[in-house]
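Notes follow once the structure below has been shown.
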Amino acid sequence: MEKRFFAMLVLVLSAVAFTSCEYDDSGLWDKVNSLQEQVTANQEDIATLTSLVEALNKGKVIVATTQTDNGYTLTFSDGSTIEITNGKDGDSFFVSIVEQDDMVIITLADGRVIKLPVINYELRVLTFEDEDAKFEPYTFLDCQGTSYSISTWSDLIPALDYGDYMIYDPEWMGRDSEYNWSDAGNTNLSHAFPETSRGKTYNASGHVLSKSYTREYEKYGSYSTELYVYADGAHSGANCCIHHGYTDSGRDLTLPSIEFEDGVARVVDHMWVANTAYVYYNIYKGHGFGSSYQNGPSDTSWFKITAYGYDSATDAEPTEVEFYLLAEGKKFVTDWTKWDLTPLGKVLKVEFNITGSDDMVSAWGLGSPAYFAYDDVAVRFEK
């Protein structure tokens with residue numbers, strides 16, 4: 001289009017040069033100005049189309065559409081916006097923009113059609129941060145009958161300071177403890193220690209709050225520092241949550257879970273996951289208990305989390321999705337990584353299990369610690 005404009009400009013100037021000084025050139029300049037406006041419009045359309053493609057390539061999604069006099073304003077998940085104008089008289093790349101149900105359909109001048117899904121839900125995030133706590137204060141009892149008052153997420157961090165070490169209090173989270181948490185008023189996700197053959201205790205399985213992070217995995221990679229995350233900090237804020245527990249054919253152990261306490265099935269969009277220092281050290285150094293993994297990882301070693309989604313209390317065939325904390329022997333998760341949980345669909349409850357490759361398993365079960373850290377659990381609430 002720019003080449004056409006300059007070619008026309010040359011012709012106009014040439015025509016003026018061979019005419020008398022009394023020639024009225026206002027009509028020609030009107031044409032020149034019209035061509036310039038068309039060039040400018042096309043440049044704007046190219047910029048719009050480029051921005052649209054870049055937004056989609058970066059995984060942004062449309063969360064709102066606003067109709068204007070000439071088209072639409074599209075708002076993306078990161079807050080950015082794009083203005084798209086309906087074309088007329090062939091002066092635009094965009095012929096039309098139509099909103100249908102949960103889709104924006106854009107027709108280009110060459111006949112191509114772009115269909116963009118529109119999110120019709122709100123994302124609420126379980127952050128484990130005190131400023132986001134909306135639950136009502138409550139109490140729980142430890143195995144000694146001591147009552148603990150919980151009014152913020154930090155109140156749920158069961159840490160005792162032993163010099164450089166921070167470990168859980170075995171009496172505070174002992175057998176038959178009522179340790180539990182709920183994100184009531186926000187995502188409505190909750191967790192309570194499952195009943196197992198070894199009692200209701202984190203030593204068997206459970207999800208517990210933590211604020212401990214380190215890169216010194218050799219120093220903090222033991223059972224006494226099991227709540228340390230192998231990261232520089234939480235994914236956001238100060239707090240996160242630690243999962244402990246697994247099951248195999250040789251153990252009577254109910255899997256730890258998170259569930260919607262209001263009984264409404266929803267899509268858990270994603271969570272951010274990291275290794276713990278305990279797991280990283282034991283796998284990296286090959287300290288697997290009673291397994292051949294004691295010699296260190298092979299090229300085929302793996303260690304993964306499996307999430308099982310239940311859409312009802314009687315669901316016998318849960319959906320599932322996997323996340324590898326270690327893949328192909330050397331590929332460790334060494335920082336917070338986003339885990340897409342949407343393949344689970346709408347669920348009432350999500351259970352988590354941890355398994356390893358054959359070289360991590362002994363006659364006593366999984367030889368490596370069954371832990372992972374998670375933070376910022378996003379849940380879809382339909383508008």
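Structure notes:
- Given (1) out of contact with any helix residue (DSSP H, G or I) (no Cβ under 9 Å at 6 or more places or on another chain); (2) under 30 Å from LYS383 (Cα atoms); (3) part of a strand (DSSP E or B); (4) modelled with pLDDT of 85 or more, index of the condition VAL125 fails: (1)
- Pair list, Cβ under 6 Å, 6 or more apart: the stretch 319-337 residue within 19 Å of SER236 (Cβ to Cβ) and among the β-branched types (Val, Ile, Thr), other residue open to solvent by less than 30 Å² (accessible area, probe 1.4 Å) and in a loop (DSSP other than H, G, I, E, B): VAL333/ASN275
- Single residue of the stretch 130-151 satisfying the filter (open to solvent by less than 40 Å² (accessible area, probe 1.4 Å) and in a loop (DSSP other than H, G, I, E, B)) that is modelled with the lowest pLDDT: ASP142
- Per-region count, the stretch 295-315, residues within 17 Å of SER257 (Cβ to Cβ) and open to solvent by less than 90 Å² (accessible area, probe 1.4 Å): 9
- Wholly enclosed strands (runs of 3 or more DSSP E) of the stretch 298-383 bearing at least 2 residues under 19 Å from ASP248 (Cβ atoms): 303-310, 319-327, 349-356, 371-382
- Tally, over the stretch 167-189, of residues that are closer than 22 Å to SER212 by Cα, open to solvent by less than 10 Å² (accessible area, probe 1.4 Å) and either at pLDDT below 70 or assigned to a loop (DSSP other than H, G, I, E, B) (or both): 4
- The stretch 323-365: number of residues that are open to solvent by 40 Å² or more (accessible area, probe 1.4 Å) and of a type in the set (Asp, Glu): 4
- Whichever residue in the stretch 366-383 is within 16 Å of the chain's Cα centre (by Cα) and more than 23 Å from PRO194 (Cβ to Cβ) and, among such residues, is surrounded by the fewest Cβ atoms within 10 Å (Cβ to Cβ): PHE381
- Subset of the stretch 103-116 (residues that are open to solvent by less than 80 Å² (accessible area, probe 1.4 Å) and either part of a loop (DSSP other than H, G, I, E, B) or over 19 Å from ASN86 (Cβ atoms) (or both)): ALA109, GLY111
The values are calculated or read from the model by the stated rules, or taken from the named source; none is laboratory data. Bear in mind the structure is a predicted one, so any value in this text is a computation, not a measurement. Here the Cβ is made from the backbone with ideal geometry for all residues, glycine too, and neighbour counts use every protein chain on show. Surface accessibility is based on the protein's heavy atoms, side chains included, excluding ligands, DNA and RNA. Shrake-Rupley method; radii C 1.70, N 1.55, O 1.52, S 1.80 Å.
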